[in-house]
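The structure under discussion appears below in the form of structure tokens.
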Amino acid sequence: MRQVYADNAATTAVSPHVLEVMLPYFGEFYGNPSSLHSFGQKAAAAMEDAKKTMAACLGCDPRELYVTAGGTESDNWAVVNAVRLGEKKGKKHLITTRFEHHALLHTVEEMEKQGCEVTWLDVHEDGLVRMDELEKAIRPDTALVSVMYANNEIGTVQPVAEIGRLCREKGVLFHTDATQAAGHLHIDVEEQCIDMLSLSAHKFHGPKGVGLFYCRRTVALYNMIFGGGQERGKRPGTESPALIVGMATALKDACDAMAEDMPKVAALRDKLIAGLSLIPRSRLNGHPTRRLPGNVNFAFEGVEGESLLLNLDMKGIAASSGSACTSGSLDPSHVLLSIGLPHEVAHGSLRLSLSHYTTEEDVDYILQETPPVVAYLRDISPVWERLMQEEQA
Ligand SMILES: *Cc1c(COP(=O)(O)O)cnc(C)c1O
């Protein structure tokens, strides 16, 4: 049976090149980068190069980058740092959207419990924030605006540069969770007026457990944890040269190939969207064009997302019914609810996320297997039966 991995928004395969570059750091170059001997210094030099490579990809200075354990840690750091900076100036207001990743959402909710006031921006039916609503929400006591670059479930891409410019004009800090965007969409922190940014290596064919936090040099940065002098004392703990070198290689490879790869991935996405749209009573979630090159998200009325997922898995197709972090719970996704989907429709969603390893044959296979699975599930669905009765009445 064909195996099709269409869950690249959850995580991606480490590329053979990245793996090859990482391996020596698990083997012969095992030195601690803080050590003064040559074992350590080899590792330290490789990490320094990696930082330079990543800084070039993001348009920043290497000294503005901090290695973290991934997107979750970077998001936490951004919010908590902005709140602490705000406290000093009596600013206790945060602005974010209703459909952020849980890493951001739950951190902001925690800050709300601790006394911050939060404006939750609407993302409307198309999954996009409105500039006029953001502008109205900004107050003299706003400590942070955090809007994700691209959404992990429905793939919508926000007008990050416009948001950045507005925040700069208003003198408000701007953070973006670019975990889904990095390696897939153009990022330039100068041009886009980004003050803080999060990304995670495993979303662009790098290793899991490592990410970056970018913090503009003009923004003071508080520690989240305390220890030795690593990461300029801001994020201490012995570094993993293998993971850092792996992340830098993955980011550079993705950025170098972006102009060639992403239009190809987007063409496969559009073929998939066109094919799935032929299924009766289906709808594409998110914006038709302003979406990640690899993101497809559909709702099929009368079909439960988890059942669809499990049935597709039996056909060798790996998809998701929402965010991997929420699977296992029966709550419909907060992202789908935020774009106004009714509960029963939000339950029936399917996310297929492609990568540059996805082939035309993979897409054809998904298009061949999905409609019969949807039809089968509708056949046994009381919800679908009711819908059909309503239609006839
Ligand atoms: C995956 C993801 C995260 C979390 O990243 P981890 O590296 O898994 O901690 C945060 N935000 C977005 C948008 C993501 O897609």
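At a threshold of 8 angstrom on Cα-Cα distance, excluding pairs fewer than six apart, so keeping six or more, what relative contact order does the chain reach in percent?
Working: 753 pairs, mean separation 86.3, N = 393.
This gives 22 percent for the chain.
Sort out the exposed loop trypsin sites (Lys or Arg not before Pro) in the chain (DSSP loop, at most 12 other Cβ within 10 Å) and tell me the longest stretch that has none.
Within the chain, the longest run free of exposed trypsin sites (Lys or Arg not before Pro) spans 218-393.
Quick check on the chain: helices-only [θ] at 222 nm, where DSSP H runs of length 4 and up contribute -39,500 (n - 2.57) each and the sum goes over total residues. Nearest 500, please.
Computed ellipticity for the chain at 222 nm equals -13500 deg cm²/dmol.
Shape call for segment 1-156 from the C-alpha gyration tensor, a ≥ b ≥ c root eigenvalues: rounded (a/c under 1.5), prolate (a/b greater than b/c) or oblate?
oblate
Over the chain, with a Gaussian network built from C-alpha contacts below 10 Å, which listed residue (SER307, SER198, SER338) shows the highest mean-square fluctuation?
SER307
What is the ratio of the Cα radius of gyration of the chain to 2.2 N^0.38 Å, where N is its residue count, to two decimals?
The reported ratio for this selection is 1.03.
How much of the accessible area of the chain, in percent, comes from carbon and sulfur atoms when a 1.4 Å probe is used?
Details: 9150 of 16740 Å².
On the chain, the fraction of accessible area on carbon and sulfur atoms equals 55 percent.
Probe of 1.4 angstrom, ligands and nucleic acids ignored: what's the accessible area per residue over the chain, in square angstrom?
I get 43 Å² per residue for the chain.
Output ³J(HN,Hα) for segment 275-292: one whole-Hz value per residue in order, computed from phi by the Karplus curve 6.51 cos²θ - 1.76 cosθ + 1.60 with θ = phi - 60°, and x for Gly and Pro.
Coupling constants for segment 275-292: x, 6, 5, 6, 5, x, 6, 10, 9, 7, 8, x, 6, x, 10, 7, 9, 4 Hz.
Taking Cα atoms, how many degrees apart are the long axis of helix 305-314 and the longest axis of the chain, rounded to 10 and kept between 0 and 90?
90
In degrees from 0 to 90, rounded to the nearest 10, what is the angle of the helix 16-26 Cα long axis to the longest principal axis of the chain?
Tilt of helix 16-26: around 40 degrees.
Once you've got the GNM for the chain with C-alpha springs shorter than 10 Å, pick whichever of ASN297, ASN151, ASN311 has the biggest mean-square fluctuation.
Highest fluctuation among the options: ASN311.
Which shape class, rounded, prolate or oblate, goes with segment 250-393 when its Cα gyration tensor gives a ≥ b ≥ c as root eigenvalues, a/c under 1.5 marks rounded, and past that a/b bigger than b/c marks prolate?
It is prolate, given that a/c is not under 1.5 and a/b is the larger ratio.
What is the extension gain from GLU191 to ARG217, computed as 0.36 nm multiplied by their sequence separation minus the C-alpha to C-alpha distance, in nm to one decimal?
Extending this stretch completely gives an extra 7.8 nm.
Compute a Gaussian network model of the chain, connecting alpha carbons closer than 10 Å, and tell me which residue from THR218, THR68, THR176 fluctuates the most.
Residue with maximal mean-square fluctuation among THR218, THR68, THR176: THR218.
To the nearest 10 degrees, how steep is helix 102-113 against the longest Cα principal axis of the chain, on a 0 to 90 scale?
Once rounded, the angle reads 70 degrees.
What length, rounded to one decimal in nm, is gained on full extension from SER38 through to LYS88, with 0.36 nm per residue of separation minus their alpha-carbon distance? Intermediate values should be presented prior to the final figure.
Values: separation 50, 0.36 × 50 = 18.00 nm, distance 4.39 nm.
Answer, rounded to one decimal: 13.6 nm.
The values are calculated or read from the model by the stated rules, or taken from the named source; none is laboratory data. Predicted, not measured: the structure shown is a model, and the values here were computed from it. Glycine also receives a Cβ, built like all others from the backbone with ideal geometry; neighbour counts cover every protein chain displayed. Heads up: the accessible areas ignore ligands, DNA and RNA and are worked out on the full protein's heavy atoms, side chains in. Shrake-Rupley method; radii C 1.70, N 1.55, O 1.52, S 1.80 Å.
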